[in-house]
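Have a look at the structure below before the remarks.
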Amino acid sequence: MAESEALLNKQALMTEKAGLGKLFSPKSVAVVGASREKGKVGHTVLRNLINHGFSGKIYPVNPQAKSILGKKCFPSLLEIPGEVDLAVFAIPAEAVVATFEQCGGKNIPASIIISAGFKESGRKGASLEAKLAQKAAEDNIRVLGPNCLGVIDTSSSVNATFAAGMPPKGNIGFFSQSGALCTAILDWAIGEGIGFSKFVSLGNKLDIDETDMLRAMGEDEHTEVILGYLEGVKDGVRFLEAAGSVTQRKPVIMLKSGGTEAGARAASSHTGSLAGSEKAFAAAFTQSGIIRAVAIEDLFEYARAFSSRRYPKGNRVAIVTNAGGPAIIASDAVERSSLRMASFEKETIESLRTSLPPSANVYNPVDLIGDAKHDRYAAALEAVLKDPNVDGVFVIFTPQAMSGPEEVARAVARCGSNGKPILPVFMGGPAVEGSAEILSKASMPNYRYPEPAISAMEAMVRYETWRARPAPEYKSFSVDKKQVQRLLEEAWASGQTEIGEYTAREIISAYGFKVPGSVIANNVSDAEFIAEKIGFPVVLKIASPDILHKSDFGGVRVGVRSREEVREVFHEMKERVKRLLPDADLWGISVQEMIQGGKEVIIGMVRDPQFGPVVMFGLGGIYVEIMKDVAFRIAPLSIDNAQEMVREIKSFPLLQGARGEKPVHIEAIVEALLRFSQLVTDFPEIYEMDINPLKVFPQGREPVALDARLALKRNEVSQ
Ligand code: ADP
Ligand code: MG
């Protein structure tokens with residue numbers, strides 16, 4: 001079959017793919033490998049289906065048994081009399097491949113392959129998995145797994161897993177690439193009474209992947225918060241697209257692991273050595289509004305806060321507490337975070353003054369004093385929640401002799417919140433266990449310490465800011481694309497994949513970058529003549545496609561002030577090449593206009609295998625890799641993306657002008673980033689690229705690109 005035909009077929013299959021309805025709410029489920037033996041996966045799956053209220057038909061499949069757990073058993077899928085919506089496989093990998101065909105014969109639209117022994121176990125397993133994938137695609141069967149725990153859907157009461165137990169109904173949808181994490185989270189959820197809508201273990205992602213899950217949970221009316229654990233994504237671009245639209249409707253909180261390979265790859269550019277898949281993921285998450293959990297605890301702690309569905313409209317918070325110490329600790333932590341302590345309206349202070357004893361502190365943090373009971377909490381909460389300067393509240397409670405922790409928890413759970421989030425922090429051990437339960441029953445989170453509550457509040461503020469942002473705007477410049485096409489083709493034709501300054505200058509010029517005047521001289525008298533024409537001081541650089549890092553080689557001399565000096569440097573550079581790299585292709589010595597003043601920044605890109613062009617911005621020059629003060633976004637960049645990148649770096653204040661310096665024209669940098677984004681989006685064969693340095697100036701003077709280089713690689717999706 002011709003390649004294009006195969007691709008068309010594949011695309012047809014992809015667009016035809018059915019949704020995941022039958023996976024989550026099947027009317028009938030068959031368990032292939034159902035077993036009588038307690039402790040076997042095939043037994044537990046069947047028992048879970050039976051025991052958790054599933055009202056559809058359940059068909060055990062096992063040629064050796066007549067009935068299991070009171071259900072009539074069938075020798076094969078084909079012999080089941082009625083329709084089957086979902087087939088769950090809990091038999092050895094080889095046997096799965098042999099029996100999976102029956103799904104096609106029986107028109108079963110969805111399957112879960114719990115069995116391990118596939119891709120994760122080596123070459124043989126991988127080939128079994130490939131066979132399975134082919135069969136599933138041919139017969140148009142959706143597959144979850146293999147090598148997974150299964151699926152739980154609390155609204156259709158399906159528990160098709162071998163997990164111990166069923167979580168309560170709730171509004172959190174969870175999917176995970178790790179089955180072990182699934183069991184841990186499930187256990188935690190059951191223990192803490194945290195409710196879930198859907199609970200999915202993705203396993204090897206033969207077919208159904210994180211993007212399918214995001215979409216399905218995004219559309220699911222029972223899911224209001226989406227949690228995910230990922231080790232990688234199957235298709236970065238598809239994932240970003242889905243995430244961007246789902247996060248508009250509901251929060252998506254993601255823990256991503258496996259991010260320590262940065263710098264492992266040899267890279268020819270600064271961007272290449274500073275980027276890496278971790279940075280690409282971080283950028284992808286930021287750009288699609290995904291809230292990133294850094295540790296497993298965050299995942300839980302954010303989930304609890306978000307599942308109450310009250311999001312702060314801003315970052316101003318109030319603290320209400322019965323103890324001075326924790327109040328100070330919490331206020332300090334707030335000040336260190338992106339949150340701010342709210343200052344109360346006069347009426348709020350008056351109201352607190354009337355309802356609290358004279359020794360109480362009526363300013364933020366509100367201290368109700370150690371003998372506070374539930375009535376003081378209730379009154380104070382009511383007052384601060386009404387205050388228009390307060391976007392969210394932390395209720396901090398420490399067990400004291402006088403206070404009834406449960407009463408206080410009830411008061412907190414009862415108070416009407418004005419739609420503002422209240423994050424309770426009941427500190428302590430056994431004394432506050434009962435309160436935690438009361439809060440959880442009222443669908444409120446509880447935190448043991450102020451810090452995680454503060455992080456959760458910050459995450460909610462970030463989410464609200466994301467949701468409230470205007471739709472992204474893109475800008476396209478009129479550029480000379482043909483010219484770049486021509487230059488790249490020439491490079492290909494001559495077998496050049498690393499392109500140095502001289503050609504790179506022409507490429508970026510075609511996209512509107514200004515470059516310093518520069519001419520390559522082949523002999524000393526030309527060099528002197530050109531220098532004179534350009535005007536002293538000038539810069540001399542070795543021009544050779546074999547010397548890409550010119551300074552490292554001693555191939556750059558700035559501030560050359562006279563004909564004599566030109567002569568001297570010219571000879572010296574030629575000598576050096578002759579001595580150290582006699583085989584280098586030396587085009588000559590370029591004599592260049594010296595650009596004085598301004599600040600050096602770097603703009604770069606490296607193509608990530610998952611997400612495509614990752615653009616980098618930072619303070620430039622030769623110390624980039626030491627300072628590592630850089631920001632990343634995935635191209636094409638929106639205007640906001642470019643703005644954020646410039647503001648994100650730590651040295652942004654330097655660009656704004658430190659110690660009486662004039663500020664750099666930020667909008668000019670933003671434009672440069674957007675032009676660069678257009679270039680790397682237009683040419684997928686550009687694999688890596690640096691403009692370093694780009695000299696930027698105060699308003700009124702255009703940036704100038706002093707140096708650029710790029711690396712090419714034939715890309716499958718070349719335009
Ligand atoms: P390299 O190949 O080593 O990156 P560059 O062309 O970037 O070589 O030059 C190294 C440094 O010399 C730059 O970071 C910049 O500070 C300075 N420089 C290079 N060209 C010019 C120029 N035309 N005007 C002023 N300074 C320059
Ligand atoms: Mg450079």
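The values are calculated or read from the model by the stated rules, or taken from the named source; none is laboratory data. Note that the structure is a prediction, hence the values are computed from the model and not measured. Reconstructed Cβ throughout: ideal geometry from the backbone, glycine too, with neighbour counts over all protein chains shown. The area values use the complete protein model at the heavy-atom level, side chains included, leaving out ligands, DNA and RNA. Shrake-Rupley method; radii C 1.70, N 1.55, O 1.52, S 1.80 Å.
For the reader, a short list of remarks on this structure follows.
- Going through (1) within 36 Å of the chain's Cα centre (by Cα); (2) surrounded by fewer than 17 Cβ atoms within 10 Å (Cβ to Cβ) one by one, Phe89 falls short only on (2).
- Glu231 falls short of the stated requirement of being at pLDDT 95 or above and more than 20 Å from Arg142 (Cβ to Cβ).
- When residues in the stretch 635-648 are screened for being of a type in the set (Val, Ile, Thr) and open to solvent by 10 Å² or more (accessible area, probe 1.4 Å), 1 of them pass.
- The requirement of being in contact with a helix residue (DSSP H, G or I) (Cβ under 6 Å, 6 or more places away or on another chain) and open to solvent by 30 Å² or more (accessible area, probe 1.4 Å) is fulfilled nowhere in the stretch 458-469; no residue meets it.
- Residue check for Ala504: farther than 30 Å from Val479 by Cβ, in contact (Cβ under 8 Å) with a residue 60 or more places away in the chain and hydrophobic (A, V, I, L, M, F, W, C): no
- Contact annotation: residue pairs with Cβ atoms under 6 Å, 6 or more positions apart or on different chains, pairing a residue in the stretch 372-389 that is under 17 Å from Val317 (Cβ atoms) with a partner that is of a type in the set (Asp, Glu), are Asp387/Glu345.
- Search result, residues across the stretch 610-643 that are out of contact with any strand residue (DSSP E or B) (no Cβ under 7 Å at 6 or more places or on another chain) and not polar (S, T, N, Q): Ile622, Tyr623, Glu625, Ile626, Lys628, Pro636, Ile639, Asp640, Ala642
- Exactly one residue among Lys256, Lys250 is surrounded by fewer than 24 Cβ atoms within 10 Å (Cβ to Cβ), under 21 Å from the mean Cα position of the chain (by Cα) and at pLDDT 90 or above, and that residue is Lys250.
- Long-range neighbours under 7 Å by Cβ, at least six apart or interchain, first residue open to solvent by 10 Å² or more (accessible area, probe 1.4 Å) and within 12 Å of ligand 2 (Cβ to nearest atom) within the stretch 681-697, second at pLDDT below 95 and in a helix (DSSP H, G or I): Asn692/His270; Asn692/Val624
- Selection status of Ala65, in a helix (DSSP H, G or I) and either small (Gly, Ala, Ser) or buried (at least 19 other Cβ atoms within 10 Å of the Cβ) (or both): no
- Residue within the stretch 268-279 that is out of contact with any Gly (no Cβ under 9 Å at 6 or more places or on another chain), over 30 Å from Met444 (Cα atoms), surrounded by fewer than 22 Cβ atoms within 10 Å (Cβ to Cβ) and modelled with pLDDT of 90 or more present: no
- The single condition from (1) near ligand 1 (Cβ under 9 Å from one of its atoms); (2) crowded, with 20+ Cβ neighbours inside 10 Å that Ser590 fails is (1).
- With respect to (1) more than 40 Å from the chain's Cα centre (by Cα); (2) more than 16 Å from ligand 1 (Cβ to nearest atom); (3) not hydrophobic (A, V, I, L, M, F, W, C), the lone exception for Pro470 is condition (1).
- Residues in the stretch 483-520 that are away from ligand 1 (no atom under 12 Å from the Cβ) and open to solvent by 70 Å² or more (accessible area, probe 1.4 Å): Gln485, Arg486, Glu489, Glu490, Ala493, Ser494, Glu506.
- Filtered by the rule that a residue be touching a helix residue (DSSP H, G or I) at 6+ places or on another chain (Cβ under 9 Å) and assigned to a helix (DSSP H, G or I), the stretch 190-206 gives a lone residue, Glu192.
- Residue in the stretch 309-317 that is under 30 Å from Ser197 (Cα atoms), buried (at least 22 other Cβ atoms within 10 Å of the Cβ) and among the charged types (D, E, K, R) present: no
- Residues of the stretch 521-535 that turn out to be away from ligand 1 (no atom under 11 Å from the Cβ), touching a strand residue (DSSP E or B) at 6+ places or on another chain (Cβ under 7 Å) and either open to solvent by 50 Å² or more (accessible area, probe 1.4 Å) or closer than 29 Å to Ile669 by Cα (or both), as a count: 1
- Candidates Leu439, Leu381, Leu423, Leu352, filtered to the one that is closer than 16 Å to Ser331 by Cβ and of a type in the set (A, V, I, L, M, F, W, C): Leu423
- None of Gly612, Gly657 is more than 16 Å from ligand 2 (Cβ to nearest atom) and more than 30 Å from Gln496 (Cα to Cα) except Gly657.
- Criterion violated by Ile626 - all others in (1) within 30 Å of Thr211 (Cβ to Cβ); (2) within 16 Å of ligand 2 (Cβ to nearest atom); (3) open to solvent by 30 Å² or more (accessible area, probe 1.4 Å) satisfied: (1)
- Given (1) of a type outside the set (Ser, Thr, Tyr); (2) in contact with a Phe, Trp or Tyr (Cβ under 7 Å, 6 or more places away or on another chain); (3) within 16 Å of ligand 2 (Cβ to nearest atom); (4) at pLDDT below 95, index of the condition Lys713 fails: (3)
- Restricted to the stretch 543-568, and to residues there that are more than 12 Å from ligand 1 (Cβ to nearest atom) and either farther than 21 Å from Phe529 by Cβ or acidic (Asp, Glu) (or both), the residue that is least open to solvent (accessible area, probe 1.4 Å) is Pro545.
- Residue in the stretch 624-640 that is within 12 Å of ligand 1 (Cβ to nearest atom) and either of a type in the set (Phe, Trp, Tyr) or modelled with pLDDT of 90 or more (or both) present: no
- Odd one out for Ile649, checked against (1) more than 16 Å from ligand 2 (Cβ to nearest atom); (2) β-branched (Val, Ile, Thr); (3) in contact with a His (Cβ under 8 Å, 6 or more places away or on another chain): (3)
- Check on Ala283, under 9 Å from the mean Cα position of the chain (by Cα), among the small types (Gly, Ala, Ser) and not assigned by TED's automatic domain parsing to the domain that holds Val624: yes
- Among residues of the stretch 144-153, those that are open to solvent by 10 Å² or more (accessible area, probe 1.4 Å) and over 16 Å from Ala90 (Cα atoms), counted: 0
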